[in-house]
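The values are calculated or read from the model by the stated rules, or taken from the named source; none is laboratory data. The structure displayed is predicted, hence computed values, not measured ones. Every residue, glycine as well, gets a Cβ built from its backbone with ideal geometry; the counts of neighbours run over all protein chains shown.
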Amino acid sequence: MKRSFARSKLLAAVVLVVGGTHASAQDLSIRQDSMGNSAGRHVLPPRDLPPLPEMPSGFIDNDLAAADSSPHAIASYTLDELLCLAAANNPTIRQARLQIGGETAKALQAGLYPNPVLMYVGEKINSDGTAGEFQGFEVQQRFVTAHKLQLSRLKYCQRARVSEHLAVAQQFRVSNDIQRHFYQVLAAMERVNLQSELLKTAEDGSVTSRELYNQGQTNLPGIHRANVELQQRRLALLNAQNEFAEAFRQLTSIVGCTLPMGRVEGSLRPDETIPSFETVYAGLIQDSPEVLAARAKLVADQTTLQRESVQWVPDIVVTGGPGYNFTNNDPVYNAAVQMELPIYDRNQGTILQARRDLQRQQAEIHRVELQLRERLAMAYRMYATALQHATEYERVIIPEREVAYRELLEGYRDNRVDWPDVLHAQGEYFAARLQQVDQFRDVRIQEVMIDGFLLEGGLMAAKGPTPPGHIDAVAKPR
């Protein structure tokens, strides 16, 4: 009896070791068939032995099922491929480009010279029974002074430059979101693999518990616990697969087109560490599209103030044309020159509006810089914490967990350790590996954000050149 018990424990230990290393880290195990009953091992339980639980039911994700049915034909995507697809299909990138075109069109329109006015003129018609003292045509032309048209065109050209910086910012928003979701998909794939390993162990453990029961080495509560563990592992794998599907669909939404569900090719391990906080912040202040757009808007506001400061300078309107004096029966000409006298309205209010908006924009630049520092502080903290944890998990915690797990397996074979202790150590080992996946994912996400000027929102509508709080200055408030 003692010899039979030792053989049973050895069998359970071997099963656990094989199950714990079953899945390859490079294989996206999203196949439901891994959750079936263990094949190749046949046990004839007694009649009163509880049956194995049925597969979880209630809902089937058709996309995952299609991937399960043809695992060898599943699509594969690289980060560069997804970025190229996003550049061609994400609608916000096109919106940002159209903002530039809109401001350029405004610049064109603002600099156009006024059209001349052609008029028919008849004076004193029917005087002395004649057609009138004057019958003829006149042409009127407004001559714009003080370079108003050139300043108006320059103002909108400078706003177009603001839109160019905002278009670059939108490209970074899309690129950052693609990369963030890419690493989330990559992490979800690794979690699916780890949950598949745990499920394989639970399946083998369930079969082993029935063999031990047949040999009289365990009781019915042990069988029930094994059934519960098996079903929980099946549900954990389903949850990991659902998280993978969610992450992949979010990724393709940012790309801007529907793609067949598949795996992504890449690594969660960071290639290099980022510089110090102050070095990163200095780069942000110098090169961030948000800061550059705010500075370009300041230049446009300076031009706006200059333009409104000359609005009061009167334009000259010249009118003239030929006609015929039917009273004296001779050809005549009319001519007139007029201009507005700026006695009361010298555009004082609009100039004040433009000056206030210029001051507001100066504060806006400082606000953007401070907001970048605030966002960088959080991203840098999350990056540092995740990298510290991921490094120590890889260097110390996971190796120690694995050694403890292997030693408990050896102790179980030698009848020195109980089986629940081995299962507990195995759970801690896999939990540490799952935590490390999340930590490396967080490292890569924060790395993307820091390298990408902290921009996100790849499906947010592209911004226009006038920021929130902009005080628009027009010739007359309306």
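Within the range 294-314, is there a residue that is closer than 30 Å to V139 by Cα, in contact with a Ser or Thr (Cβ under 7 Å, 6 or more places away or on another chain), among the hydrophobic types (A, V, I, L, M, F, W, C) and in a strand (DSSP E or B)? The answer is no, given that none of the residues of the range 294-314 is closer than 30 Å to V139 by Cα, in contact with a Ser or Thr (Cβ under 7 Å, 6 or more places away or on another chain), among the hydrophobic types (A, V, I, L, M, F, W, C) and in a strand (DSSP E or B). Can you confirm whether the range 209-227 contains a residue that is free of Cβ contacts under 8 Å to residues at least 12 places away in the same chain, within 30 Å of G464 (Cα to Cα), outside any helix (DSSP H, G or I) and not small (G, A, S)? Looking for residues that are free of Cβ contacts under 8 Å to residues at least 12 places away in the same chain, within 30 Å of G464 (Cα to Cα), outside any helix (DSSP H, G or I) and not small (G, A, S), one finds none in the range 209-227, hence no. Restricting the first member to the range 419-438 and to residues that are at negative phi, and the second to residues that are among the small types (G, A, S) and part of a helix (DSSP H, G or I), the beta-carbon pairs closer than 7 Å and six or more apart or on different chains are W419/A12; A425/A404; Q426/G20; Q436/A390; V437/A187; D438/A187.
For V332, the test of being in a strand (DSSP E or B) and either within 30 Å of A169 (Cβ to Cβ) or touching a strand residue (DSSP E or B) at 6+ places or on another chain (Cβ under 8 Å) (or both) is passed. Would a scan of the range 344-364 turn up a residue that is more than 18 Å from S152 (Cα to Cα), at pLDDT 95 or above, touching an Asp or Glu at 6+ places or on another chain (Cβ under 6 Å) and assigned to a helix (DSSP H, G or I)? Yes; the residues of the range 344-364 include at least one that is more than 18 Å from S152 (Cα to Cα), at pLDDT 95 or above, touching an Asp or Glu at 6+ places or on another chain (Cβ under 6 Å) and assigned to a helix (DSSP H, G or I). Residue pairs whose Cβ atoms lie under 6 Å apart, separated by 6 or more positions or on different chains, with the first residue in the range 88-113 and touching a residue at least 40 places away in the same chain (Cβ under 8 Å) and farther than 29 Å from D177 by Cβ and the second part of a helix (DSSP H, G or I) and hydrophobic (A, V, I, L, M, F, W, C), are A107/C157; G111/L149. In the range 137-183, the qualifying residues are those that are acidic (D, E) and part of a helix (DSSP H, G or I), and the one that is surrounded by the fewest Cβ atoms within 10 Å (Cβ to Cβ) is E164.
I'd like to check something: does the range 448-467 contain any residue that is part of a helix (DSSP H, G or I), touching a Ser or Thr at 6+ places or on another chain (Cβ under 9 Å) and closer than 30 Å to R161 by Cβ? Yes: the range 448-467 contains one or more residues that are part of a helix (DSSP H, G or I), touching a Ser or Thr at 6+ places or on another chain (Cβ under 9 Å) and closer than 30 Å to R161 by Cβ. Whenever a residue of the range 331-353 is farther than 27 Å from D301 by Cβ, its partners that are outside any strand (DSSP E or B), lying with C-beta atoms within less than 9 angstrom and at least six residues away or across chains, give the pairs V332/E133; M339/T145; M339/P314; M339/D315; L341/P314. Whenever a residue of the range 383-409 is farther than 16 Å from L268 by Cα, its partners that are outside any helix (DSSP H, G or I), lying with C-beta atoms within less than 7 angstrom and at least six residues away or across chains, give the pairs L408/V417.
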